[in-house]
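Here is the structure we will look at, set down as structure tokens.
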Amino acid sequence: MEYNNLGKTGLPISRLSFGSWLTFGKQIDESLVERLMGVAYDHGVNFFDNAEIYARGMSETVMGKVLRKSGWSRDSFIVSSKVFFGAGGQLPTQKGLNRKHVFEACHQAMERLQVDYLDLYLCHRPDKKTPIEETVWAMHHLIEQGKVLYWGTSEWSAQEIMEAHVFAKQNHLIGPVVEQPEYNVFARHKVEVEFDQIYKTVGLGTTIWSPLASGVLSGKYIDSNPIDTRLGMEGLEWLREKNLTPEKVETTRKLANLASELGISLAQMSIAWCLKNPNVNTVILGASQEAQLHENLASLDHVGLLSSEIMENIEQIVGNKPTFPAF
Ligand code: NDP
């Protein structure tokens with residue numbers, strides 16, 4: 001495993017990490033979660049990603065049981081939670097980034113995860129109904145209370161992130177240090193263009209999600225239509241519509257040919273492609289099977305295969321290089 005500091009913090013985070021969305025507490029059982037987390041940890045993964053909304057709290061509960069059972073020293077892993085969507089409660093105070101919910105959700109996440117503090121606590125989406133200042137204060141207080149070490153955002157705009165930074169700086173509060181955006185060959189704009197300046201100015205760190213576009217970039221949908229997979233799951237039709245378009249499948253076919261010329265799987269090439277971006281601190285992997293996780297973890301060994309010529313080949317195939325605004 002390789003490690004790098006998360007943004008401008010001193011926190012060493014593994015370049016590959018492991019997340020629980022749609023799998024833990026839902027698609028796979030607890031014994032498989034235990035095996036998967038064990039495989040990840042044994043490969044040097046030190047960051048496990050979670051959120052209050054995942055399986056309405058069950059994902060954190062299952063991860064907490066495994067963390068407790070594993071006996072891993074608390075100083076050997078980083079665990080996150082994310083706040084905004086709530087854990088299933090429908091009352092007005094059970095979601096959002098207002099001080100009350102941020103405070104309650106933090107305690108609930110610590111209880112479910114069976115930890116005394118959260119290493120990373122992220123605002124899962126911007127909350128248009130709560131002033132950013134209130135959220136900054138709430139996060140600052142949680143850090144002062146020792147319940148959170150670092151805080152950040154997910155799917156915020158550069159402008160929203162900067163608003164939080166400016167307010168924190170003006171008031172001598174602790175600002176956000178990390179953003180969790182989607183990043184894969186189909187979703188590039190935020191990571192490659194929108195955040196470009198704030199990597200440099202405020203030292204933004206990134207933990208990127210869906211490196212395989214929910215499995216599409218494994219290539220398994222090219223010539224077949226498996227239904228015992230995430231994109232066949234009931235209730236996830238929206239995700240299937242977003243990720244499994246005919247255009248994306250066609251692009252995937254061409255990428256798969258290139259990966260096979262390199263002697264690696266398409267999943268490995270796609271994850272290695274994310275790792276090539278120096279502004280990506282960690283690629284959060286997802287897996288529903290042990291074999292997938294082994295395959296994906298090996299991506300790190302193949303980053304060197306992605307020469308500038310191969311990166312250009314990929315660019316030609318995807319044809320979606322994001323552009324900076326013209327002068
Ligand atoms: P991916 O895009 O890598 O999708 C993972 C899924 O793809 C697996 O569960 C599996 O699903 C399939 N898959 C993975 N590897 C292979 C393989 N080698 N061969 C075939 N199929 C494979 O990542 P996720 O979308 O899961 O995102 C990773 C993590 O990022 C999440 O767990 C979560 O922690 C975080 N995240 C954060 C979000 C946010 O808003 N902040 C949003 C989404 C995710 P199957 O076998 O069922 O097809």
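Condition check ((1) over 19 Å from E2 (Cα atoms); (2) assigned to a loop (DSSP other than H, G, I, E, B)) across all residues:
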position: G38; (1), (2): no, no
position: V45; (1), (2): no, yes
position: V62; (1), (2): yes, no
position: K69; (1), (2): yes, no
- Counting only residues that are within 14 Å of the ligand (Cβ to nearest atom) and farther than 30 Å from K254 by Cβ, which one in the stretch 177-189 is farthest from the chain's Cα centre (by Cα)? V178
- So which residues in the stretch 276-302 are part of a helix (DSSP H, G or I) and more than 6 Å from the ligand (Cβ to nearest atom)? E290, A291, L293, H294, L297, A298, S299, L300, D301, H302
- Message: Just to verify a result, which residue in the stretch 6-59, among those that are among the acidic types (D, E) and touching a residue at least 24 places away in the same chain (Cβ under 8 Å), is nearest to the ligand (Cβ to nearest atom)?
- Response: D49
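Give G71, G44 a once-over and let me know the one that is surrounded by fewer than 16 Cβ atoms within 10 Å (Cβ to Cβ) and within 18 Å of the chain's Cα centre (by Cα).
G44
If you take the residues in the stretch 210-259 that are basic (K, R) and more than 23 Å from the chain's Cα centre (by Cα), which one is farthest from the ligand (Cβ to nearest atom)?
K254
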- Query: Right, K248: open to solvent by 70 Å² or more (accessible area, probe 1.4 Å), in contact (Cβ under 8 Å) with a residue 60 or more places away in the chain, assigned to a helix (DSSP H, G or I) and more than 24 Å from Y41 (Cα to Cα) or not?
  - Reply: no
- Return the total of residues in the stretch 159-209 being open to solvent by 20 Å² or more (accessible area, probe 1.4 Å), in a loop (DSSP other than H, G, I, E, B) and either in contact with a Phe, Trp or Tyr (Cβ under 6 Å, 6 or more places away or on another chain) or hydroxyl-bearing (S, T, Y) (or both). 1
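The values are calculated or read from the model by the stated rules, or taken from the named source; none is laboratory data. Since we're looking at a predicted model, the values are computed, not measured. Quick reminder, even Gly has a Cβ in these numbers, built from the backbone with ideal geometry, and neighbours come from all protein chains shown. For the accessible areas, the whole protein counts, side chains as well, though only heavy atoms, and no ligand, DNA or RNA atoms are used. Shrake-Rupley method; radii C 1.70, N 1.55, O 1.52, S 1.80 Å.
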